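Notes follow the structure.
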Amino acid sequence: VSQDGYVDADELRTAFALAMSAMYKREVPLYGNLMRIVRTINEEALEKSSNPRITSLKHGDVAAERLDLERHGAIRLGTPYELKTVRRIFEIIGMSPVGYYDLSQAGLPMHATCFRPTTALALKRNPFRVFTTLLRPDLLKDVESRDLALDLLEHRNIFSTELLKLLDASDRQGGRLTQDQGKTFVREAMKTFGWRPKAAASKDVYNKLKEEHPILADIASFQGAHINHLTPRTLDIFAAQERMKTEGLDVKERIEGPPPRKCPVLLRQTSFLALEEKIMFVRSDNTFEYGHHKARFGEIEERGAAVTPAGRRLYDQLLDEAMKRISQCPECPDPAEQDRILAETFEQYPDDWNVLRAEILVYFNFRVTAKAEGSSMPVRPSREELISCGILEAVPITYEDFLPLSAAGIFQSNLGTGNRGCTSIHNAFADKTGYERALGRTVIDLDKSYSDAQEVSLRRCAVELGLDEE
Ligand code: OOG
Ligand code: NI
């Protein structure tokens, strides 16, 4: 609690994330198993410190405490009002919208941002993130199911009165809540993001929406915006995936993202498949009938370095190339063969930190080392000279964001949409402005936080070494 009696946003975010985690463990018990597996794998990985892939992260900007807390989750919202209100909820716990993700290119009628802390300090205190998608009704081809969904969405209220009152109170209090208000806030917010088995839709409407697009049924049929997964971060996704299989979890066939590398970049993800959950439909005579819904799953991720725009272009280009090669095979290659093609294509992506730095593909945090003290400085040294004589060290900056095609892969494996999603939506196009209009503000540029961090670290080094800023 800060001196003026208000709860600190980082503390409140931790309380919020812990409540979410506890709730999800109760609701999806397999998530508890997943957490245990990941903790064991991370401990083992940290011990085997000779593995350069791990040590680069271990010695990077990952703190072990942060790793224990690290989770991201995802929610799917139906209307601009819901998105705006969720934005207000996340503002209170120090999370801002970063980046725009167009999922329509993968056949999904949605787009997204990620709410997350944005400063290095806040990320270190608690890196909790929520990938937040919004339905794009304009992309749905079938008018009847679109109107059914919009009608349901218009009539539901996923926020409790008490929660809405607290959002107003926070506005009056400069974006902060008192300790007591904070407790109520977390409790009430869990109602929005928890599982509510009583559907808002009738069974017929639910089935109709599901037939059109499973995502539509998931977004529009319920009385809340249930969190659909929570993801711990692992230091060794392959080991974690193998352990998941050994423990009998129904694991997705392929890991999304770049192939395994000595110098990990961006993000690799996999999941265990959604569970069937029982839902209750209310008939017009107020009696119940039961059904099943599949939406909620568990996911794990391994994070690598943030890449520059050039690094990202190369990633997108190689991924595209690999996907084309896979789709051109006469018979659909099995997952192992697909992985092999991906790895082969990615041989064109440099896999050495020095090269990645020289070719400006990855962002680094620069630091002055202990060796700087007492060692003689070259005259007008270049950055690379300072690094090679050990005065400066360059640590890759961790990627804190997401990848749209990986996200789509995770969506599809859990909804069983395969590619059929493509048939029910209109031509794909990005609509960042539309998302921002719904959100009520612009999203923060994804690249900027990394380039700023790199710049700040360089300036700090220049000052510490008494070099002119150039
Ligand atoms: C979101 C999936 C995206 C990720 O890690 O890429 C995501 C969803 O299924 O709603 O969380
Ligand atoms: Ni995820």
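The values are calculated or read from the model by the stated rules, or taken from the named source; none is laboratory data. Please read these numbers as outputs of a predicted model, since none were measured by experiment. Cβ: placed from backbone, ideal geometry, glycine included. Neighbour counts: every protein chain shown. When the accessible area is computed, the model is the full protein with side chains, heavy atoms only, and any ligands, DNA or RNA have been set aside. Shrake-Rupley method; radii C 1.70, N 1.55, O 1.52, S 1.80 Å.
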Amide H contacts of V98 (H built 1.01 Å from N, under 5 Å, at least 5 apart or other chain): C114, F115, R116, I444
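Magnitude of the Cβ-charge dipole of the stretch 275-356, K/R +1 and D/E -1, about the Cα centre, nearest 20 debye? Could you put the intermediate results ahead of the total?
Details: 10 positive and 18 negative charges, 78 e Å.
It works out to roughly 380 debye.
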Taking a crude spin-label model, label points 7 Å out from Cα along the C-beta direction, the E373 to D147 distance in nm is 7.6
Assuming 1.002 mPa s and 20 °C, estimate D for the stretch 207-339 with Stokes-Einstein, Rh taken as the Kirkwood radius over Cα pairs, in µm²/s. 120
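Can you give the helix-only mean residue ellipticity at 222 nm for the chain, where every DSSP H stretch with n ≥ 4 adds -39500 (n - 2.57) and the sum goes over all residues, rounded to the nearest 500 deg cm²/dmol?
-14000 deg cm²/dmol
Sorted by packing (mean other beta-carbon atoms within 10 Å per residue), highest first, where do 264-274, 136-146 land?
Put in order of decreasing packing, that is 264-274, 136-146.
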Set the Förster distance to 35 Å, then compute FRET efficiency between E436 and R26 from the Cβ-Cβ distance, nearest 0.05. 0.50
Keeping all protein chains in place, calculate the accessible area per residue for the chain (probe 1.4 angstrom), answer in Å². 44
Taking a spot 7 Å from the Cα of M323 along the direction of its beta carbon, which residues of the stretch 394-413 have an amide N less than 15 Å from it? 403-413
For the chain, with only Lys/Arg (+1) and Asp/Glu (-1) charged at the beta-carbon, what is the dipole magnitude about the Cα centre, in debye rounded to 20? 960
Dimensionless Rg/Rh of the chain - Kirkwood Rh, Rg from C-alpha atoms: 0.98
Kirkwood Rh and Cα-based Rg: tell me the resulting Rg over Rh for the stretch 184-231, rounded to two decimals. 1.06
Just want to confirm a number: the relative contact order over the chain, from Cα pairs under 8 angstrom separated by 6+ residues, in percent. 20
Per-bin percent of Cα-Cα distances, the stretch 344-410 [10 Å]: 17, 35, 28, 13, 6, 1
Estimated FRET transfer efficiency (D68, S451; beta-carbon r; R0 30 Å; 0.05): 0.55
Taking all protein chains in place and a 1.4 Å probe, what share, in percent, of the accessible surface of the chain do carbon and sulfur account for? 51
Among T14, A408, T270 - extreme Cα towards positive end, dipole of the chain, charges at beta-carbon: T14
Of K203/K294; K165/K191; K210/K252; K84/K191; K252/K324, which sit over 19 Å apart, Cα to Cα? K210/K252; K252/K324
